Protein chains: 2
Amino acid sequence: MDLPESPRIAIVGSGAIGLYYGARLARAGARVSFLMRSDLPVVRSRNSIIVREKAEQWQASPVIAEDQPAAIGPVDVVLVALKTTANASLAELLPPLLAPHTMVVTLQNGLGNEEQLAALVGEERTYGALCFIGVNRVGPGELQGFHTPGSMTLGEFRRAAGPKVRQLADWFQRAGVRCIASDDLHAARWRKLVWNVPFNGLCIAAGGVATDVVCSDPALLAEARALMHEVAAAAAALGVSIPEKFIESQIDVTPPMGPYKPSSLIDHLAGREVEVEPIWGEPLRRAVAAGVAMPRVALLYALLQQLTKRGRNER
Amino acid sequence: MDLPESPRIAIVGSGAIGLYYGARLARAGARVSFLMRSDLPVVRSRNSIIVREKAEQWQASPVIAEDQPAAIGPVDVVLVALKTTANASLAELLPPLLAPHTMVVTLQNGLGNEEQLAALVGEERTYGALCFIGVNRVGPGELQGFHTPGSMTLGEFRRAAGPKVRQLADWFQRAGVRCIASDDLHAARWRKLVWNVPFNGLCIAAGGVATDVVCSDPALLAEARALMHEVAAAAAALGVSIPEKFIESQIDVTPPMGPYKPSSLIDHLAGREVEVEPIWGEPLRRAVAAGVAMPRVALLYALLQQLTKRGRNER
């Protein structure tokens, strides 16, 4: 069954990522409903989502926003953009949105999110996306893009890309997002970790510094590279080949980013929960289960758990 | 040549450790001279060092204090109690204090200090001590003990303990400090690192926490144990055997310490320089030179360099 000409899309988790993609898809002609709580009164009365980007400032209007999934009902596509730390709420939020053909796509970071979705909605309805984007929520239903529209890799859970995921990729393309459908979502997730594990982690553990500080400190940069090699070794044991030249490319792309703050660091500095489990905890557990030691990741994971716990306490 | 009945002792570095041992030795009858800069006017005019301990409050008086080593001249024993980060100044401070028979004893932490001394004064005049003590300088020439008089292990550089080091140990005993002469200073230094590497390091890197926080966090405590095993593996490659039961004893002694702040953490929190090289840098370099990887120590060392650099900048 193909996606309909104007698919119904529900956005679960109306933070920056959910609002941004929802607004883009709505403007491109999809029938988008936002599930939101705190922003609901403002967004409803204004009846728009405001987006400021370098190239243009624009609004998505009208906006369909609800605070209960039953008010939205079954849709063709659910985009899950919750913080992973709130995944326990999905058991309650998803069922009213599901039809037998519904695609449930997690836009979340790291490993383990597709598995959690599959347990709730079944493997055959489970999809995932890697989002390469920088966007902040600056007010209720109000966004500031700094690396937008960015790009996206879509894939299916434990399956090669089929026609429907290609059609969804076309929708994102139509909405202005460079989007490709991958035949190997699992491999794509491990490749993204090659950068996220060292840089999201070291930026927090080295005292809340941006990537330029890591890159200009020879000892920290050597540790970033060593962490990347641990990720690659774990991936290899799990059937994902990550060549040396990919690792070097991930080092090379970083200095040009300047004083870039990874999303985990932004969350940490703002006193918000950091997604420690999908980026460090779950990859480490899978590596250990496969008999691969990740000593540096293990130390970093332990430090991050403590450091981000303190962040929450001091909020 | 034996130590004379009342040995002349020069204290180089009049922070808490140097002042404390100097005051103890002076009270026991040694002829002690303190080399000091900032505290000199107050100590000279008061003519005493004030010590507050649980058991008693006492003063060492009179005090011989100078700001130039030439004003002290050659002595029988030099106790080096500078911060290791100031070791470059030893090339200027030591020569006026030396006679052919002078014992030069570093009371400093970690690895590499005896080698630096030996390069300046010769191997045959080089000695070292491990100090197990807790004492703070609370004002000019004024000390507060919280774990005093503590204990000490004295040894010779690359030699078994000879008669003179035993006589010096007797002097510390007479001064109230439990002191033993060891035939293997090198092994004693590595054994002390088994505790210092994990706990001094994790307490800083986990956000400036005391040891009780590390002990009550299962992930951090597992990392402390893993760091201890890295130290033991490096020591083994360098000829020092550290049995498993010693490692477990070092874990076991820590929870009863309560919210203990290791010296490195105290320095860090006060914005003072942290002795990163002797505790993490030098052991790591020796392990790598011996073909032993210390991945966790390497990551911790890189983080500490950055974190303590920031500490100094923000002072």
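The values are calculated or read from the model by the stated rules, or taken from the named source; none is laboratory data. What you see is a predicted model; the values in this text were computed from it and never measured. Every residue, glycine among them, receives a Cβ derived from its backbone with ideal geometry; neighbour counts consider all protein chains shown. Each accessible area value is taken on the protein alone, full model and side chains, heavy atoms only, with ligands, DNA and RNA left out. Shrake-Rupley method; radii C 1.70, N 1.55, O 1.52, S 1.80 Å.
Helices that extend 24 Å or more along their long axis by alpha-carbon positions and average at least -1.0 on the Kyte-Doolittle scale are, among the DSSP H runs of chain B, B:185-205, B:218-237, B:295-313. Express in whole angstrom the spacing between the alpha-carbon centres of the range B:225-265 and the range A:183-222. First find each Cα centre; the distance between them is then 30 Å. In terms of its alpha-carbon gyration tensor, the range B:188-313 comes out oblate; a/c meets the 1.5 threshold, while b/c is at least as large as a/b.
Along its principal axes, chain B has C-alpha extents of 52, 37, 36 angstrom, given from the largest down. Here, P(r) means the percent of Cα pairs in each 10 Å bin from 0 to the largest distance; for the range A:54-179 it is 11, 40, 39, 10, 0.
Working note: Cα atoms of the range A:108-196, range along each principal axis, descending, whole Å: 36, 27, 26. Taking a straight Cα-Cα cut-off under 17 Å and skipping sequence neighbours fewer than 8 places away in the same chain, the lysines within cross-link reach of residue A:83 are A:309.
Largest GNM mean-square fluctuation among B:163, B:262, B:283, using chain B with Cα springs under 10 Å: B:163. Surface calculation, 1.4 Å probe, protein heavy atoms: residue B:268 sits at approximately 40 Å² accessible.
Measuring from the axis that superposes chain B on chain A, report the chain B residue with the minimal C-beta distance, rounded to whole Å. Minimum Cβ distance to the axis, with residue: B:295, 2. Please give the residues of the range B:3-25, grouped as numeric ranges, whose backbone N is less than 17 Å from a label point set 7 Å along the Cα-to-Cβ vector of residue B:92. B:12-14, by backbone N distance to the label point. The alpha carbon centroids of the range B:1-79 and the range A:76-90 are separated by 67 Å.
Spin-label model, residue A:56 to residue B:57: label points 7 Å out along the Cα-to-beta-carbon direction sit 7.8 nm apart. Around the Cα centre of the range B:8-183, unit charges on the Cβ atoms of Lys, Arg, Asp and Glu (plus for the first two, minus for the last two) sum to a dipole of about 460 debye. Between copies, residue A:218 shows label-point distances of 4.1 nm, shortest first, with the point placed 7 angstrom from Cα along Cα to C-beta. For residue B:260, nonlocal amide neighbours, meaning residues 5 or more places apart or on other chains whose placed amide H falls under 5 Å from its own, are B:211, B:212.
Between this copy and the others, label points of residue B:292 are 2.7 nm apart in ascending order, each placed 7 angstrom from Cα in the Cβ direction. Of all segments of chain B bounded by GluC sites (Glu not before Pro) found in a DSSP loop with no more than 12 other C-beta atoms within 10 Å, the longest spans B:57-313.
The lysines whose alpha-carbon is closer than 30 Å to the alpha-carbon of residue B:245, local same-chain residues fewer than 8 away aside, are B:192, B:261. Taking every alpha-carbon pair in the protein assembly as shown and binning the separations at 20 Å intervals from zero gives 18, 40, 24, 15, 3, 0 percent. Scaling against 2.2 N^0.38 Å puts the C-alpha radius of gyration of the range B:205-260 at 1.22.
Ranked from shortest, the separations from the 7 Å Cα-to-Cβ label point of residue A:233 to its equivalents in the other copies are 0.9 nm.
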